[in-house]
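Participant: Below: one structure in structure tokens.
The values are calculated or read from the model by the stated rules, or taken from the named source; none is laboratory data. Just so we're clear, the structure is a prediction, and the values are computed from it rather than from any experiment. Neighbour counts run over all protein chains shown; Cβ positions are idealised from the backbone, glycine included.
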Amino acid sequence: MSRDESFPAVTGAEQSPEPGGTDSPPQDVDRTTLRGQVLDLINDVLTDTVPEGAWARTQLRELLAANADEPERALLQHLIAVTTTDLTDSQADGDTPHEQVDGGQDPSVPEKPRLVPGPLDRWGRKRITAVLGTRMLLTAFQPIRELPAGHVAGFEALTRFVSRDGASADTWFREAAALGLGPDLEIAALHCALSAAREIPDHLFVAFNLSPASCRDPRILALLEGGDVALDRIVIEMVGQVSGQDLDGLIRVLGPLRQQGVRIAVDGSGPDTASPDQILQLVPDIIKLDRSFIEGIIHPNPAQTQGTDLVELAKQTGAVLSAKGIESQEELAAVTRAGMTAAQGYLLGRPSVHPLDWSAWIIEAATADAAAAEEG
């Protein structure tokens, strides 16, 4: 399951030389606006007590003072400066950023987590540490709709990074995992997503992407149980494959959460596909199918039985089949005919960090619920 692309930084913002300071952003703020999410990020940075981040806090206070009426501008200037400083420091130390090789494969971001030695390790750690120390990420939500009616049933939380290189969120998370910082970055993203999800009404679910390794981290359990989103509204979407030897442990860790109402989603197609045996053991609530599966529906190949097998697996486990990556009416009609009961994709709503878009989807869902109640 993709965690979505990065959120590009504004490169034209000018640095303000004026000194000044404030210890915290304004507290009386409407959290349904983009400014509310920005101020949450600012507050996270300013209330951090890590000594290594003192310079970043000082810089952000000065920028807030210089842009008293535009905290969004101050935050972007801060993040741009942090990114630039990080890159300059890395190169001054003799480190070099990763470069694309033939075929577009990044040598510092392997498909499977491993420790990356040498300069790439040092440079990558600085990048990830900068994100963890300055909260250079935002949460985008994408609506998930019921089929065939098309009503909004919930949202998937997708992380977007404020970065100058435009690296995808998947790249950031893979790099963090390769450097042994995967759970730390996922926890930071989850904290941001849970904060943003406070604006989602109680009758809609919210799906959060987590790797099997992070699910076993006790900090995840504490975050989910202590958050403002009720556990029976949470869906954990498994990102990445689960090795056979880790499956039993993962099932034990997820057990208490599932007893409190948390649902589990796994990939039934695509690069991180769960095997049929894993699906039978994990007994997920949702099996998500990507564009490769959709293409197989539209252009069937008699030699391939994956579609039939997944439908049968869903029946055995009681899982809902959910399509992702819907981009055309033809695809939507195909997955509906195939019996899928949920879907998401650009046709049904692009991921957005803007609360105005969230509000429009929420109002749409409320209107549909009211209409259904009247008909009932």
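Participant: Take Ala176 and tell me if it is at pLDDT below 90 and either surrounded by 21 or more Cβ atoms within 10 Å (Cβ to Cβ) or on the phi > 0 side of the Ramachandran plot (or both).
Facilitator: Values: at pLDDT below 90: yes; either surrounded by 21 or more Cβ atoms within 10 Å (Cβ to Cβ) or on the phi > 0 side of the Ramachandran plot (or both): yes.
So Ala176 fits the description; yes.
Participant: Filter the range 261-280 down to the residues that are modelled with pLDDT of 95 or more and in a loop (DSSP other than H, G, I, E, B), then identify the one that is farthest from the chain's Cα centre (by Cα).
Facilitator: Per the stated criteria, the residue is Gly261.
Participant: Here is a follow-up. Is it true that Ala338 is assigned by TED's automatic domain parsing to the domain that holds Phe205, under 26 Å from Pro351 (Cβ atoms), at pLDDT 85 or above and under 27 Å from the mean Cα position of the chain (by Cα)?
Facilitator: Judged against the criteria, Ala338 is not a match.
Participant: As an exercise: evaluate Leu247 against (1) within 27 Å of Arg145 (Cβ to Cβ); (2) buried (at least 17 other Cβ atoms within 10 Å of the Cβ) and give the number of the one condition it does not meet.
Facilitator: Tallying (1) within 27 Å of Arg145 (Cβ to Cβ); (2) buried (at least 17 other Cβ atoms within 10 Å of the Cβ), Leu247 fails exactly one: (1).
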